[in-house]
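Taking it in order: structure first as structure tokens, then the write-up.
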Amino acid sequence: MLQREGETRIPAGCAISGFINRSGKRTNGSVIVNSIACMHERSNGLGGGYAGYGIYPEYKDQYALHVFYDSGEARVKAEAFLDRHFDVVNLSRIPVRKNPNITDEPLIWRYFVNPLPTKLQDSQLDERTYVAKCVIKINDKIDGAYVFSSGKNMGVFKAVGYPEDVGDFYRLEEYDGWAWTVHGRYPTNTPGWWGGAHPFSLLDYTIVHNGEISSYDANRRFIEMFGYKCNLLTDTEVITYIIDYLHRRLDMPLEDVAKVIASPFWSELESGKFSPEDTEKYRHFRNVYSSLLITGPFSIILGFNNGLMALNDRLKLRSMVAAEKGDTVYISSEECSIRTMCPDVDKIWSPRGGEPIIVTLDKGAERGNK
Amino acid sequence: MPVNYMNPLFEVVRDHDKCIKCRVCERQCANEVHKYDAELDRMVSDEMTCVDCQRCVCLCPVNALKIRPNENRFRDNANWNQQIMTEIYKQADSGGVLLSAMGTPKEYPVYWDKILLNASQVTNPPIDPLREPMETKTFLGKKSQAISYDENGKAHYEKTPYLELDVPIMFSAMSFGSISKNAHESLARAATELGTYYNTGEGGLHEDFYKYGKNTICQVASGRFGVFKGYLDAGAAIEIKMGQGAKPGIGGHLPGMKINDEISKTRMIPKGTDAISPAPHHDIYSIEDLRQLVFSLKEATNWEKPVIVKIAAVHNVAAIASGVARSGADIIAIDGFRGGTGAAPTRIRDNVGIPIELALASVDSRLRDEGIRNDVSIVVGGSIRSAADVVKAVALGADACYIATAALLSMGCHLCRSCNTGKCNWGIATQRADLVKRLNPEVASKRLVNLVTAWNHEIKEMMGGMGINSIEALRGNRLMLRGVGLNPKELEILGIQHAGE
């Protein structure tokens, strides 16, 4: 019998795409759906998904939890857990449209929640850590329940199928966001489980990833020391946890996060390319965060509450193209998909391996309110 | 006439047609096996003292010599085999404890040989080390995760003492006394050239070798031989030796006859006296005592040097390592039961301790389960025989490997396992001036450099095949390993899947 994510490790090739508008102008989800449709050949119909930022302006201060349930019992258990830990402001099924290519859907629910103040206080954790712990706990302990999106004013939508069908299924044309990312999956196995589709997310961090990292188990066994549980055994999951650990928990700026996970080669560090202070810092990173170095091919787009970061492995073993038009930055596995979103870009280039592209909202840009 | 219960272990086979009676074998054999018989005008042998060190074979200019096992057998008995019977005769003769040298020759499972490595196919690319950077630099020491950024975005972080290795291989502890001065010099020079470290063992540091200090690990063992402030300051790190894989629970004994002027001076003991290392450190009877010694040594060296605690792989090694990790040590060295020794009681060597593969796997898992793997680096030794063993050790979770037997082999040792006799014909495990001078540090250090360089090339090839271009991404990466012919319990302890899974 085929095993699903979490029971076996499934490598996957993929397509990714994304864009962000710096000034916070919101764009309709149909744009990102079109961008991935033109890279149809890079997926094989076994998974697709989206992350949209700024899509819930009416609930922008609540954590939006998107949850898959295998059964009604799982929902009862998970909702009991949510009621114990959160004040649920709103709950509903996520609206979907029947699509002949999307079948076997689980129950898909959405909750807008605030942490219960007394529980939060008792936990002695900051709010985001509290929410992250609750999400990890549901996914780890409640059989048949899977929280696949848990940030504020953002959401993940994913399913088994081609990404353009997934976009249609979730009616993405009804959402507007200041940033979108998308993933089309080409796994080398047939998991058929919706939770295994990408993006993977924790809080407002989402990752779409194309590649197969060779450092997986070194990364996994290290990050699990810090309370994370890699239940899906996928690259994307472990990369998300690494970024959560470095960026949220250690408060490291994304520029430095990139230097940890795609560190400069020793030859570069010895070449005098960086300032003495940076050289010293990067040497230190390679010493103490060495188990978070990611090797093997990857191209990722990280979404977070304030922007996007794109990063290639340091040898650039996966394609990734970036482009700019006005205050919008586009990133994709292939140029064709960028041209679909914006035929006349001002600038288009191929970022070097290990050199991140970090785009954040301009100061004063009100997230999702334009 | 007294009965001789001892048979020669080996036969010296000499092709008299080839022999030119140059007598080089005679001059080279400290065991006095070969002799020229003028009456017969031919070379003759006293096989009784032959140890099969192969020195005569290697130096015979006409290839006239072969040493082979004595074919004389006691009556076959699977239970009371030849070796067991011989040992009983020996003990009935002497009334003493049997002594042996080097690692156990017994047929215990070698788990390295039951573990296979992965390689990339299709879904991700292998990386060619001849075309792309392939990094093996390794840092050993505590890895403090804390970092903070000030309002200008400048990072502030704590730097703890560390060792920096260009290759994930170091030379393991061998004392001046157990091996010769020339052997020590060869190791020191090779470590310097390779950008790695050698280890003084418990015999102190000869004054001529202080200049290699930045590539030296200074050991502090239970006898405290040669330990003083200048010694501790000389090295790059300090190693507290709590145990040795070949003889866990046992101290050491360098007989007085080996304590010559130089050893006496280096060990800081009178010439001709036995150098006895007690089984325990007499100031360490528990884990909290170890913590005090770790901190004393750190205090003595201004908190500038990492402290290694070396333990033998014994049954409870994971819990012991966890205690050591919490005792302030920066690095834990684990020595497996197949590790070598200059001399150990045979029964201890052949029966005490556990294989390094299992010890490493359980220590690494345990430290991760407890969330303290970051507080220490793990170095493993005790029969690392090839680059493949190194790669497997790193993938199981080691930061680096210690090699000693392999290093001795590269200098000429043929594993005759007679180090305790002090008559090493290769000039390695001896203090006899005429034998020591046979080992040329110029040549021997070059051979050591060649060996480690060759292994490093092989490590890079294997990493590249796995699509890994930096050794840190291999560390603890057990998905790269599969077992063959291992039972479920062994796989569980090693934390790996079976081939085909």
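Read the figures in this text as sums done on the coordinates, not as results from a lab. Values in this document were obtained by computation on a predicted structure and should not be read as measured data. Cβ atoms come from the backbone with ideal geometry, glycine included; neighbour counts cover every protein chain shown.
Quick notes on this one:
- Once backbone amide H atoms are built at 1.01 Å from N, A:GLY24 has A:ASP362 as its partners under 5 Å, excluding neighbours fewer than 5 places away on the same chain.
- Helical contribution to [θ] at 222 nm, DSSP H n ≥ 4, -39,500 (n - 2.57), averaged over chain A, rounded to 500: -7500 deg cm²/dmol
- Sites matching GluC sites (Glu not before Pro) across the range B:46-113 that sit in DSSP coil, with at most 10 neighbouring C-beta atoms within 10 Å: B:GLU71, B:GLU107
- Rg/Rh (Cα only; Kirkwood hydrodynamic radius) as it applies to the protein assembly as shown: 1.07
- Entry note, chain B: the mean residue ellipticity at 222 nm calculated from DSSP H runs of n ≥ 4, each adding -39500 (n - 2.57), is -8500 deg cm²/dmol after division by the residues and rounding to the nearest 500.
- Assuming charge only on the beta carbon of Lys and Arg (+1) and of Asp and Glu (-1), the dipole of chain A about its Cα centre is about 160 debye to the nearest 20.
- Kyte-Doolittle at least -1.0, axis length at least 24 Å by Cα - qualifying DSSP helices, chain B: B:441-465
- Over all Cα atoms in the range B:138-498, the spread is summed up by Rg and Dmax: 19.8, 68 Å.
- For B:LYS258, a cut-off of 20 angstrom between C-alpha atoms picks up these lysines, skipping any fewer than 8 places away in its own chain: B:LYS181, B:LYS271, B:LYS423, B:LYS437.
- Cross-link partners of B:LYS21 among lysines, defined as those whose alpha carbon lies under 23 angstrom from its own and excluding same-chain residues fewer than eight positions apart: B:LYS35, B:LYS66.
- Percent of beta bridges antiparallel (DSSP, the range B:254-392, rounded to nearest 5): 10
- Cα gyration tensor, the range B:92-226 - rounded (a/c under 1.5), prolate or oblate: oblate
- For chain B, the longest piece that avoids every one of the chymotrypsin sites (Phe, Trp or Tyr not before Pro) found in DSSP loops with at most 16 other C-beta atoms within 10 Å covers B:304-501.
- Placing R0 at 22 angstrom, the Cβ-Cβ distance between B:HIS315 and B:GLN91 gives a FRET efficiency of 0.20 after rounding to 0.05.
- Placing a label point 7 Å from the Cα of B:LEU116 along the Cα-to-Cβ direction, the residues of the range B:373-399 with a backbone N closer than 17 Å are B:388-389, B:392.
- DSSP beta bridges fully contained in the protein assembly as shown are about 75 percent antiparallel.
- For chain A: rounded, prolate or oblate by the Cα gyration tensor [a/c cutoff 1.5]: rounded
- Hits among aspartates and glutamates - C-alpha to C-alpha of B:LYS247 under 18 Å, sequence gap 8 or more where chains match: B:GLU107, B:GLU202, B:GLU239, B:ASP335, B:ASP350, B:GLU357
- Exposed loop positions in chain A were taken to be GluC sites (Glu not before Pro) whose DSSP state is not H, G, I, E or B and which have at most 14 other beta-carbon atoms within 10 angstrom. Between these positions, the longest stretch is A:8-269.
- Residue among A:LEU232, B:TRP112, B:VAL220 farthest towards the positive dipole end of the protein assembly as shown, charges placed on Cβ: B:VAL220
- For chain B, the relative contact order is 19 percent, taking Cα pairs closer than 8 Å that sit 6 or more residues apart in sequence and dividing their mean separation by the residue count.
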